[in-house]
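The values are calculated or read from the model by the stated rules, or taken from the named source; none is laboratory data. None of these values were measured; they are calculated from a predicted model. Reconstructed Cβ throughout: ideal geometry from the backbone, glycine too, with neighbour counts over all protein chains shown. Calculation scope for accessible area: heavy atoms of the full protein, side chains included, ligands and nucleic acids excluded. Shrake-Rupley method; radii C 1.70, N 1.55, O 1.52, S 1.80 Å.
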Amino acid sequence: MMITLGLLFAAISFPAILSAFTHGRSVRFPMLLLIGGLALIAVGANQTPGAFQMADLPDIVARAFAQTFN
């Protein structure tokens, strides 16, 4: 679940960062969102070291969504 939330937060932060740069606004919140997302990914990956590979990422996300919406 942590990896999925981290990926979601990181993905949301990129358009927010670009929007803040183009409109001349502060990028504090989007950068916090990116750092928080990366931290969630790191903590989720360190909970079970060696258990996840990059090829397993779609299955991890699908399981997290299935647990949440089921």
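Observations, loosely collected:
- If the condition is being of a type in the set (A, V, I, L, M) and buried (at least 16 other Cβ atoms within 10 Å of the Cβ), then segment 6-16 contributes 7, 10, 16.
- Residue list for segment 36-70, restricted to those being open to solvent by less than 100 Å² (accessible area, probe 1.4 Å), more than 13 Å from residue 4 (Cα to Cα) and of a type outside the set (Gly, Ala, Ser): 48
- Residue, nearest to residue 57 (Cα to Cα), within segment 17-35, restricted to residues that are surrounded by fewer than 12 Cβ atoms within 10 Å (Cβ to Cβ) and not small (Gly, Ala, Ser): 28
- Within segment 44-70, residues that are in contact (Cβ under 8 Å) with a residue 60 or more places away in the chain sit with their Cβ atoms under 7 Å from residues that are open to solvent by less than 60 Å² (accessible area, probe 1.4 Å) and not charged (D, E, K, R), at 6+ positions apart or across chains, in these pairs: 64/4.
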